[in-house]
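These notes concern the structure reproduced below.
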Amino acid sequence: MSVCPLCHPTQETVLWNGGQCRVILVEDAAYPGFCRVIWQAHVKEMTDLALAQRHDLMSVVFAVEQALRETLRPDKINLASLGNQVPHLHWHVIPRFADDAHFPDPIWAAARREGQARQVDVERLTQALARRIPADWSRE
């Protein structure tokens, strides 16, 4: 990969940026509220981070989960860190609903049905996220 799309994004909706990492909203109509927590520095694995950085990153992942639970009331939240196609440390935080196209399978599996459309109030989600990430989050 010559240019990392997470290091050099072309278009993204940033919900929160804390210096060391950012939270973006993934534009996927089938999975409203799908977020990515992206570590800013180009590293591949969690163990490339210092212990304090790992803690900070996961605290943001958990804050995103809580904000999505509050604003969307999903049946389940999926957390995934894959990085096989884009080897840059990031976490997928995906609200799941019993009537989505793939439930109970992962969103990357074959669809079981046509999913139900849902809307995300981006402003409400951004505010919920800001309430859950401590003001002193970054240890930079």
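Report, in deg cm²/dmol and to the nearest 500, the calculated mean residue ellipticity at 222 nm for the chain, where each DSSP H run with n ≥ 4 adds -39500 (n - 2.57) and the sum is divided by the residue count.
For the chain, the value works out to -8000 deg cm²/dmol.
Using alpha carbons only, what's the Rg to Rh ratio of the stretch 13-132 with Rh from Kirkwood?
0.97
Mean-square fluctuation check for the chain, GNM, Cα pairs under 10 Å: which of Pro95, Pro104, Pro32 is largest?
With Cα springs under 10 Å in the chain, the top fluctuation among Pro95, Pro104, Pro32 is at Pro104.
Checking the a/c ratio against 1.5 first, then a/b against b/c, what shape does the Cα gyration tensor give for the stretch 56-116?
Taking the square roots of the gyration eigenvalues as a ≥ b ≥ c, the stretch 56-116 is oblate.
Looking only at Cβ-Cβ distances, which cysteines of the chain have no other cysteine closer than 4.7 Å?
Here Cys21, Cys35 come out as lacking a disulfide-compatible partner, given the Cβ-Cβ threshold of under 4.7 Å.
Among Val43, Val3, which comes first, then next, by fewest other beta-carbon atoms within 10 Å?
Final ranking by Cβ density, sparse to dense: Val3, Val43.
Could you work out how far helix 51-72 tilts from the main Cα principal axis of the chain, as a 0 to 90 degree angle to the nearest 10?
It is inclined by approximately 30 degrees.
Amide H neighbours of Lys76 under 5 Å, counting only residues 5+ apart in sequence or on other chains, H built in-plane at 1.01 Å?
Close amide H contacts, sequence-distant or interchain: Arg96.
May I ask for the Kirkwood hydrodynamic radius of the stretch 7-55, worked out over all distinct Cα pairs and given in angstroms to one decimal?
Here the Kirkwood hydrodynamic radius works out to 12.1 Å.
For the chain, set up a Gaussian network in which alpha carbons nearer than 10 Å are linked by springs, and say which option among Val122, Val23, Val37 fluctuates the most.
With Cα springs under 10 Å in the chain, the top fluctuation among Val122, Val23, Val37 is at Val122.
Bear in mind these aren't lab numbers, they're just calculated from the coordinates by the rules spelled out. Computed from a prediction, not measured in an experiment: that's the story for all the values here. Reconstructed Cβ throughout: ideal geometry from the backbone, glycine too, with neighbour counts over all protein chains shown.
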